[in-house]
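Below is one structure, written out as structure tokens; the observations come after it.
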Amino acid sequence: MTEETIKVIDGYEHVRHHPRAFTPEITLEKSLHFFQDMDLRRTVREFSDKPVDRAVIENIIKTASTAPSGAHKQPWTFCAISNPAIKKQIRIAAEQEEYESYHGRMSERWLKDLAPIGTNWDKPFLETAPWIVVVFKKVYDKDEEGEKINNYYVNESVGIACGMFITAVHMAGLVTLTHTPSPMNFLSKILDRPDNERPYLLLPVGYAADEVYVPKLARKPLEEVAKFY
Ligand code: IYR
């Protein structure tokens with residue numbers, strides 16, 4: 001490691017950043033290859049119970065935690081669960097909520113929109129997947145004296161971190177899905193999280209089950225999702 005070049009700007013230390021400047025050709029190639037890789041990502045709901053090393057989950061969380069965040073507050077906690085008893089507890093509580101949702105809380109229209117995806121209240125992946133990661137957003141933080149510290153753009157920040165988490169899972173050859181049991185306050189209780197943390201998203205992580213089928217979906221063409229000016 002070369003030594004960091006430090007410069008004090010407006011009284012604050014800055015480090016010299018060395019952006020990775022590729023040639024235009026390499027930039028094009030890299031962006032294309034990354035897209036082609038990410039275009040293979042699919043949400044998978046059937047998991048193998050094959051174990052995944054904790055070190056892999058640590059790397060994925062470290063990747064997610066490189067996400068930009070409002071005032072660099074990193075307002076998130078990633079709770080990674082492999083303990084079967086806790087996974088079971090989460091499954092039971094999630095399915096209770098999901099049952100209510102699928103039997104009355106969700107509109108007919110919503111259920112019709114979900115029909116091609118084939119979801120229902122039954123969530124076996126909450127026990128089968130070797131890891132469940134529950135992401136909490138920190139609506140505020142606390143310093144050592146227990147004084148409130150403000151966080152900013154919390155939803156945006158945590159959403160970006162989750163996107164990077166999903167990307168890291170895919171790039172490691174694993175699969176995940178964004179599960180949003182609603183309401184999800186039961187997760188705060190089971191995981192004993194402090195009241196400045198609110199559950200944001202639940203992501204099972206593992207290998208896909210053998211011979212897994214996913215809905216035949218098409219992604220919108222570029223013209224539909226982008227306008228160039
Ligand atoms: N939270 C439920 C329902 C659900 C809602 C949407 I919008 C989806 O894209 C998928 C599922 C569940 O996780 O099953």
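Okay, here's what the table says:
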item: Region 131-154 - residue that is touching a Phe, Trp or Tyr at 6+ places or on another chain (Cβ under 8 Å) and away from the ligand (no atom under 16 Å from the Cβ) and, of those, nearest to residue 80 (Cα to Cα); result: 136
item: Any hit, region 93-101, residues being out of contact with any Lys or Arg (no Cβ under 8 Å at 6 or more places or on another chain), away from the ligand (no atom under 16 Å from the Cβ), modelled with pLDDT of 95 or more and not basic (Lys, Arg); result: no
item: Residue match in region 83-91 (condition: surrounded by 11 or more Cβ atoms within 10 Å (Cβ to Cβ), free of Cβ contacts under 8 Å to residues at least 40 places away in the same chain and closer than 22 Å to residue 208 by Cβ); result: yes
item: Close pairs from region 100-121: first more than 16 Å from residue 177 (Cβ to Cβ), partner within 9 Å of the ligand (Cβ to nearest atom) and aromatic (Phe, Trp, Tyr), Cβ under 7 Å, at least 6 apart; result: 102/121
item: Options 62, 87, 112: the member that is charged (D, E, K, R), under 19 Å from residue 207 (Cα atoms) and not in a loop (DSSP other than H, G, I, E, B); result: 87
item: Long-range neighbours under 6 Å by Cβ, at least six apart or interchain, first residue within 15 Å of residue 133 (Cβ to Cβ) within region 150-162, second surrounded by 15 or more Cβ atoms within 10 Å (Cβ to Cβ) and of a type outside the set (Phe, Trp, Tyr); result: 158/137; 161/64; 161/67; 162/135; 162/201
item: Subset of region 102-140 that is of a type in the set (Ser, Thr, Tyr) and within 20 Å of residue 215 (Cβ to Cβ) - its residue that is surrounded by the fewest Cβ atoms within 10 Å (Cβ to Cβ); result: 119
item: Boolean, residue 45 is touching a residue at least 24 places away in the same chain (Cβ under 8 Å) and either in a loop (DSSP other than H, G, I, E, B) or surrounded by fewer than 15 Cβ atoms within 10 Å (Cβ to Cβ) (or both); result: yes
item: Count - residues of region 141-166 that are more than 17 Å from the chain's Cα centre (by Cα) and surrounded by 17 or more Cβ atoms within 10 Å (Cβ to Cβ); result: 1
item: Matching residues in region 174-190 - criterion: being in contact (Cβ under 8 Å) with a residue 24 or more places away in the chain and either part of a loop (DSSP other than H, G, I, E, B) or away from the ligand (no atom under 16 Å from the Cβ) (or both); result: 174, 177, 178, 181, 182, 183, 184, 188, 190
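The values are calculated or read from the model by the stated rules, or taken from the named source; none is laboratory data. Small disclaimer: the values here were computed from a predicted structure and weren't measured. All Cβ positions, even for glycine, are placed from backbone atoms using ideal geometry, and neighbour counts span all protein chains on display.
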